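Below you'll find the structure, written out as structure tokens, and then a few comments.
The values are calculated or read from the model by the stated rules, or taken from the named source; none is laboratory data. Predicted, not measured: the structure shown is a model, and the values here were computed from it. For neighbour counting, all protein chains shown are included, and Cβ atoms are generated from backbone atoms with ideal geometry for every residue, glycine included.
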């Protein structure tokens, strides 16, 4: 598959990009089920517009932007608003050391979900979808500098949120 997704039919695009879209949505939304719903909504809309999307300069960026927009819309719906849950408010989970990395990943995703929208979008695109800053700037319609500022601020907040208490 070409990196920009051009030349693919809809089914090939979904097969190639579906997992990345799921990862991106999980980074943008708190609830995994909500993330799946948003991805399905975006893919349904993309199917209806596939002629236009497949002819775009960068179909991957187009669909990623649709996902970011749909995630933002999801957050704005008053019915779906949730209280932020700080990582320290999450219930303690007893797990073997072998599973600690999964717990750490869940805590990190919870912390990402508490970031403001632009920072959350930039961090998710950069680290979950492994996009370059220039591509993120195109997807989010912002300057490369703004992408870097949002990434820096978001990472600083994540470092603070993930800081473990020091034992005496």
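Residues in segment 127-139 that are out of contact with any helix residue (DSSP H, G or I) (no Cβ under 6 Å at 6 or more places or on another chain) and crowded, with 18+ Cβ neighbours inside 10 Å: 135 only. If you go through segment 124-146 and keep only what is closer than 18 Å to residue 21 by Cα and in a loop (DSSP other than H, G, I, E, B), you end up with 129, 130, 131, 132.
Could you list, in sequence order, the residues of segment 73-102 that are modelled with pLDDT of 65 or more and in contact with a helix residue (DSSP H, G or I) (Cβ under 6 Å, 6 or more places away or on another chain)? The answer is 74, and nothing else. Within segment 1-50, the only residue that satisfies the criterion of being modelled with pLDDT under 90, part of a helix (DSSP H, G or I) and loosely packed, with under 12 Cβ neighbours inside 10 Å is 33. Of the residues making up segment 126-146, none is at pLDDT 90 or above and within 13 Å of residue 29 (Cα to Cα).
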